[in-house]
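> The structure that follows is given in the form of structure tokens.
The values are calculated or read from the model by the stated rules, or taken from the named source; none is laboratory data. These numbers come from a predicted model, not from an experiment. Backbone-built Cβ (ideal geometry, glycine too); neighbour counts: all protein chains shown. We work out accessible area using only protein heavy atoms, side chains counted, and drop any ligands, DNA or RNA first. Shrake-Rupley method; radii C 1.70, N 1.55, O 1.52, S 1.80 Å.
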Amino acid sequence: MPIAPRPATPDPSPGPQHIAIIMDGNGRWAKSRGLPRIAGHRRGADAVRKVIRGAGELGIPVLTLFAFSTENWTRPADEVSDLMGLLRHYLRNELEELGRNGARLRVIGDRDRLAKDIQKDISDAETRTRANTRIDVNICINYGARDEILRATRNLARKVAAGELAVEKIDEATFERELLTAGVPDPDLLIRTSGEQRISNFLLWQCAYAELVFVDTLWPDFGKEHLEKAIAEFRKRERRYGGVGA
Ligand code: FPP
């Protein structure tokens with residue numbers, strides 16, 4: 001009697017619930033093709049679209065993308081202006097696509113330094129995608145983790161000075177409520193593209209226990225299949241949170 005094939009064992013390890021990505025390599029992608037850097041950023045924006053769709057299809061509940069750091073202002077003025085133009089274009093023209101993906105958008109970062117019209121585009125985009133429930137997409141714009149931690153510290157210090165908060169009451173939960181990511185679960189997987197192996201002032205508090213996956217692919221070439229590979233790598237890791245494991 002033929003032996004019935006064993007049913008496939010379901011993978012018992014939970015997949016990541018929050019993936020954060022440092023999207024790197026747009027400039028090198030463009031340079032290798034003899035194109036201006038903005039061409040790399042434009043293709044990078046196409047990759048953002050592909051990855052949001054892919055993450056939704058893979059059932060990832062939260063995706064956070066690092067689009068513009070507090071340090072990126074030091075780039076040549078024309079590149080900063082090109083990047084701002086691209087973000088403006090994205091916020092105005094991607095809402096339908098975000099809706100199709102069930103994506104709720106939130107922008108994380110210090111908005112005050114952004115142009116007024118971009119600030120308005122951000123709040124419009126957040127309002128118009130608010131009811132989407134499949135995937136939360138956080139885009140970090142003018143974000144820097146040290147800046148965020150300093151702001152949180154100042155806010156808590158003000159509360160202490162005003163007698164609203166006792167120093168002994170400051171714990172991780174109190175601190176997290178002051179961060180720009182308040183209410184967002186910590187990333188459990190951080191991916192950086194383009195072969196660089198640094199965190200570059202991204203979600204320093206939040207990534208305390210994240211698995212780090214560095215891939216050589218340049219961001220404009222990154223897609224759903226690369227995301228799946230990174231998730232497979234994540235599943236292989238044993239997460240111990242400082243304990244001794246199973
Ligand atoms: C890093 O590549 C990438 C950036 C600083 C910008 C990221 C922006 C995008 C992916 C496009 C716009 C985003 C959205 C959400 C529409 P790099 O320029 O530092 O690359 P390099 O290291 O090869 O020079």
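> Using a 10 angstrom cutoff on alpha carbons, build the Gaussian network for the chain and name the most mobile of Val167, Val213, Val62.
Maximum fluctuation in the GNM of the chain, among the listed residues, is at Val167.
> When all protein chains stay in place, what accessible area (Å², nearest 10, 1.4 Å probe) is found for Ser123?
50 Å²
> I would also like to ask the following. How much of the accessible area of the chain, probe 1.4 Å, is carbon plus sulfur, in whole percent? All intermediate terms of the calculation are to be shown ahead of the outcome.
Working: 7010 of 13600 Å².
That fraction is 52 percent.
> Among Glu233, Glu57, Glu164, determine the one that fluctuates most according to a GNM of the chain built with springs between C-alpha atoms less than 10 Å apart.
Evaluated over the chain, the most mobile residue of the options is Glu164.
> Classify segment 24-99 from the C-alpha gyration tensor, please: rounded if a/c falls under 1.5, else prolate or oblate depending on whether a/b exceeds b/c. Show your work: numbers first, answer last.
Values: a/c = 1.91, a/b = 1.63, b/c = 1.18.
The shape class here is prolate.
> Let me ask you something else. Report the local net charge at Asn132: Lys and Arg +1, Asp and Glu -1, summed over other residues whose C-beta lies under 12 Å from its C-beta. It would help to have the intermediate numbers written out before the result.
Numbers: positive: Arg100, Arg104, Arg106, Arg128, Arg130, Arg134; negative: Glu96, Glu97, Glu126, Asp136.
Its environment carries a net charge of +2.
> Considering only protein heavy atoms, with the full assembly of protein chains and a 1.4 angstrom probe, order Arg113, Arg128 by accessible area, largest first. The partial results should precede the final answer.
Numbers: Arg113 140, Arg128 175 Å².
From most accessible down to least: Arg128, Arg113.
> Just need the Rg to Rh number for the chain, please, alpha carbons only, Kirkwood Rh. Walk me through the intermediate numbers first.
On the way: Rg = 19.8 Å, Rh = 19.5 Å.
Value, to two decimals: 1.01.
> Which residue, His18, His226, His41, has the most motion in a Gaussian network model of the chain that connects Cα atoms within less than 10 Å?
With Cα springs under 10 Å in the chain, the top fluctuation among His18, His226, His41 is at His226.
> What number results when the radius of gyration of segment 163-246, computed over Cα atoms, is divided by 2.2 N^0.38 Å?
Numbers: Rg = 16.4 Å, N = 84, 2.2 N^0.38 = 11.8 Å.
Segment 163-246 yields a ratio of 1.39.
> Skip the ligands, DNA and RNA, and give the accessible area per residue of segment 51-194 with a 1.4 Å probe, whole Å².
Value for segment 51-194: 50 Å² per residue.
> Now a separate question. Over segment 130-246, what is the mean sequence separation of C-alpha contacts under 8 Å (at least six apart), divided by residue count, expressed as relative contact order in percent? Walk me through the intermediate numbers first.
On the way: 89 pairs, mean separation 26.2, N = 117.
Worked out over segment 130-246, it gives 22 percent.
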